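Structure first, then comments.
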Amino acid sequence: MIDELRRQAYLGAMQVVSWLPRRVLPFAAPARPEWQSPALESEARLPVLPASLQARMPAATAMPSPAIEPTVLPEPVRARVEVPCPQVTSRGAIAPEPDSHEPPVPVLNALPTPRFTLQLLRAGSCALLVELPTGEAFTRRDPAYLLLQDLLRAAGLPTTPQVIGEPVRWPLLTRGSLQQGPQAALEYVQSYVAAQLEQQERCACLWLLGLPAVRYAGEADQQAYNRELQIDGLGSAWALPGLELLMDEPQRKAELWQSMRRLMPRWNTAVLENN
């Protein structure tokens, strides 16, 4: 006889889910009421003979123990469902399933037409391409113009800049089929500034104030603020936040002053050479 734990281990190794004996096994755990078999109930009702009488009974009259056959329950049949796996491209995006019936539709990368107004100024040996916050020319009491004068005073340049040409208003035309996207705006602004600077004295540095000036004259973005840029056809340029942005976020002025100190020798040297 084996104990119950080892019996359960054997049954688990044989993958036997349910097993009911036909007679009471010694040292076995009591079975559940719903698992009681008729053979066990009938055997439990039989009288138990004393050991002395069982020894006197002939061997022929002893009832042979029937072979115990384990009952194995069949495993449930699970339906196998195949799910198509989408193809994944090298960048991790799920590639669309090709459709042989419909031709592929090209995706147009249409960018909106930019809208801005820029004014070109001249202060000493520096030229300034400034974004006009209101779209109109500066007035003497305009807060943005007063801030611009403070920047020029700190840089050691004349505080009354000279206006060069007319403001650049984009888009140029409100109607018509003329291409006026970002690339066209970039080419127009750079050519306009280059043509205006050719008629002026040598420019030591070009200030780009505002994101439209930095983007469409310097081919950069807001990450280039307070840095020096080298532009083909325009020379050295200094990218700055817009005047309206400096008024809304005064904490940007500290980094601007530090950048100005590094670049001041550039236009101060040009002034000494001209004198």
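The values are calculated or read from the model by the stated rules, or taken from the named source; none is laboratory data. If you're wondering where the values come from, they're calculated on a predicted model, not measured in any experiment. Cβ coordinates were reconstructed from backbone atoms using ideal geometry, including for glycine residues, and neighbour counts include every protein chain displayed.
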Taking first residues from the range 1-16 that are within 15 Å of P30 (Cβ to Cβ) and outside any helix (DSSP H, G or I) and second residues anywhere that are modelled with pLDDT under 75 and hydrophobic (A, V, I, L, M, F, W, C), the pairs with Cβ under 8 Å that are 6 or more apart or on different chains are D3/F27
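Just for the range 142-167: of the residues that are in a strand (DSSP E or B) and β-branched (V, I, T), which one is farthest from L243 (Cα to Cα)?
Looking only at the range 142-167, we keep the residues that are in a strand (DSSP E or B), and these are 162-167.
If we keep only those that are β-branched (V, I, T) as well, we get 163-164.
Details: V163: 17, I164: 19 Å.
Ranking the qualifying residues of the range 142-167, first place goes to I164.
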Of all residues being touching a Gly at 6+ places or on another chain (Cβ under 9 Å) and within 25 Å of E244 (Cβ to Cβ) in the range 204-213, which is surrounded by the most Cβ atoms within 10 Å (Cβ to Cβ)? Just the residue, please. L208
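How many of the residues making up the range 168-185 are more than 18 Å from G242 (Cα to Cα), of a type outside the set (K, R), free of Cβ contacts under 8 Å to residues at least 60 places away in the same chain and not in a helix (DSSP H, G or I)? Reasoning before the result, please.
Taking the range 168-185 as the starting set, the residues that turn out to be more than 18 Å from G242 (Cα to Cα) are 171-185.
From the residues that got through so far, the ones that are of a type outside the set (K, R) too are 171-174, 176-185.
When the remaining residues are screened for being free of Cβ contacts under 8 Å to residues at least 60 places away in the same chain, the result is 171-174, 176-179, 183-184.
Going one step further and asking which of them are not in a helix (DSSP H, G or I), we end up with 171-174, 176-179.
Selection size over the range 168-185: 8.
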Name the one entry in L186, L197 that is in contact with a helix residue (DSSP H, G or I) (Cβ under 8 Å, 6 or more places away or on another chain), surrounded by 14 or more Cβ atoms within 10 Å (Cβ to Cβ), assigned by TED's automatic domain parsing to the domain that holds L129 and closer than 26 Å to T134 by Cβ. L186
If we keep just the residues of the range 127-146 that are surrounded by fewer than 16 Cβ atoms within 10 Å (Cβ to Cβ) and in contact with a helix residue (DSSP H, G or I) (Cβ under 7 Å, 6 or more places away or on another chain), which is modelled with the highest pLDDT? P143
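Could you tell me whether any residue of the range 216-238 is crowded, with 21+ Cβ neighbours inside 10 Å and basic (K, R)?
Residues of the range 216-238 that are crowded, with 21+ Cβ neighbours inside 10 Å, as a first pass: 216-218, 237-238.
Narrowing further to those that are basic (K, R): none.
Looking through the range 216-238, none of the residues is crowded, with 21+ Cβ neighbours inside 10 Å and basic (K, R).
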Please go through (1) over 24 Å from A184 (Cβ atoms); (2) at pLDDT 95 or above; (3) in contact with a strand residue (DSSP E or B) (Cβ under 6 Å, 6 or more places away or on another chain); (4) surrounded by 20 or more Cβ atoms within 10 Å (Cβ to Cβ) for L246 and return the number of the only condition it doesn't satisfy. (3)
